[in-house]
Amino acid sequence: MGEIVRDFYDDLAGSYRLMFEDWDASVARQASILGPLLERACGAPGTVRILDCACGIGTQALGLAKLGFHVAGSDLSPVAIAEARAEASRRGLDLPLYAADMRRLDSFPEAGFDAVICMDNALPHLPGGEVLAEAAAQMRAKLRPGGTFMASIRDYDRLIRERPMVQGPALYSDAGMRRIVFQVWDWIGERRYRFHLYITRETPEGWRTLHGVSEYHPVLREELTSILESTGFVHVRWLMPAESGFYQPLVLCVAPG
């Protein structure tokens, strides 16, 4: 995925929670949406093994594990993995976690998962169809026959047309201390943008700002469908937020039996 992406998440790991108004509440809310989808696709939580291959600090993995799914996680950022391990320990969850690039999941020691998930717009960090297909093949190889792949991406069918330059700002408060979160997007050609994340916090010593930079390569839903099908996945379908309740479009498909 490149050093710019890994460095961004390494630097952000300790502050990632601050992007959310209430990260713990978001963990629970996302699990309440994704859990039933996975249960319908794969079976009851206690019988289902899930690999979250872009788990970050555990936004989806922790909530799904709390629901009873057997979850393992991997992420490009070893610093994020360390944060996820600390969060899992704090919650008393058994959550195997490893640092691994989603394009190199053969380094991950387990296989035969009932589901592989890749959430929070992680796939578009990859630069183009050939690299996306490489990652999709790695994810398929981690699934049992008939297993489910699920991912979420931003609504790039709309965003590529609109080319927004700013996301946010959002104003939050922690114990009376204000926090502002926003992004600036610098578009580079038609299918790439560099985003600047700013988290500005009010502290007893004054205002402090965290700034991080990374890149995305937008992909249309039809294009991602074609990539997944070319990798061998079948029954590709999309769920939009109005249908799923999740904050981004979701794609689900099946590894052939």
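Could you state the number of Å between the C-alpha centres of the stretch 171-205 and the stretch 25-83? Here the two parts' Cα centres lie 26 Å apart. The antiparallel fraction among DSSP beta bridges confined to the chain stands at about 70%. What is the stretch 34-74 by shape, rounded, prolate or oblate, if you read a ≥ b ≥ c off the alpha carbon gyration tensor as root eigenvalues and call it rounded for a/c under 1.5, prolate for a/b larger than b/c, and oblate otherwise? Note, shape of the stretch 34-74 comes out prolate. For the stretch 50-143, the spread of Cα coordinates along the three principal axes comes to 40, 26, 21 Å, biggest extent given first.
Note on surface exposure: Asp75, Asp11 rank Asp11, Asp75 by accessible area, highest first, 1.4 Å probe.
The overall shape of the chain is oblate: from the C-alpha gyration tensor, with semi-axes ordered a ≥ b ≥ c, the ratio a/c is 1.5 or greater and a/b is no larger than b/c.
Each Lys and Arg adds +1 at its Cβ and each Asp and Glu adds -1 at its Cβ; summed about the Cα centre, the chain shows a dipole of about 320 debye.
Determine the calculated [θ] at 222 nm for the chain from helices alone, applying -39500 (n - 2.57) to every DSSP H run no shorter than 4 residues and normalising by the residue count; nearest 500 deg cm²/dmol. Counting only the DSSP helices, I get -10000 deg cm²/dmol.
Using C-alpha pairs below 8 Å separated by at least 6 residues, the relative contact order for the chain is 17 percent. Springs between Cα atoms under 10 Å define the GNM used for the chain, and in it the highest mean-square fluctuation of Met177, Met19, Met119 occurs at Met177.
Checking every one of the GluC sites (Glu not before Pro) in the stretch 1-94 against DSSP loop status and a limit of 14 other Cβ atoms within 10 Å picks out Glu21. Solvent-accessible area of Leu171, all protein chains in place: 120 Å² (probe radius 1.4 Å, heavy atoms, ligands and nucleic acids excluded). Please report the net charge: other residues with Cβ closer than 12 Å to the Cβ of Gly46, K and R +1, D and E -1. Charge balance near Gly46 sits at -1. For a paramagnetic label modelled at 7 Å from the Cα of Glu190 toward its Cβ, which residues of the stretch 200-241 fall within the zone defined by backbone nitrogen distances under 18 Å? The answer is 216-227. Among the GluC sites (Glu not before Pro) within the stretch 109-211, which fall in a DSSP loop and have no more than 11 other Cβ atoms within 10 Å of their own Cβ? Counting only loop positions with at most 11 other Cβ atoms within 10 Å, the GluC sites (Glu not before Pro) in the stretch 109-211 are Glu190, Glu205.
A dipole drawn for the stretch 58-98 from +1 and -1 charges on Cβ atoms has a positive end, and of Val79, Leu97, Leu67 the residue lying farthest that way is Leu67. Over the stretch 119-257, the Kirkwood radius and the radius of gyration, each from Cα atoms, give a ratio Rg/Rh of 1.07.
Indicate the gyration tensor shape class of the stretch 78-132 (rounded, prolate or oblate), computed on the Cα atoms with a ≥ b ≥ c the square roots of the eigenvalues: a/c under 1.5 is rounded; otherwise a/b larger than b/c is prolate and the rest oblate. Prolate, since a/c reaches 1.5 and a/b exceeds b/c. In a simple Cβ point-charge model (Lys, Arg +1; Asp, Glu -1; nothing else charged), the stretch 55-138 has a dipole of about 300 debye relative to its Cα centre.
Contact order, relative form, for the stretch 1-91: 33 percent (alpha carbon pairs under 8 Å, 6 or more residues apart, mean separation divided by residue count).
Of Ala88, Gln30, Ala44, which is farthest on the positive side of the dipole of the stretch 8-110, counting Cα position, with +1 on Lys and Arg Cβ, -1 on Asp and Glu Cβ, and the Cα centre as origin? Looking along the dipole axis, the top candidate is Ala44. Take the chain with all the other protein chains still there, run a 1.4 Å probe, and you get 44 Å² of accessible area per residue.
The values are calculated or read from the model by the stated rules, or taken from the named source; none is laboratory data. What you see is a predicted model, and the numbers here were worked out from it, not measured in a lab. No Cβ is skipped: glycine too gets one built from the backbone with ideal geometry, and neighbour counts run over all protein chains shown. Surface accessibility is based on the protein's heavy atoms, side chains included, excluding ligands, DNA and RNA. Shrake-Rupley method; radii C 1.70, N 1.55, O 1.52, S 1.80 Å.
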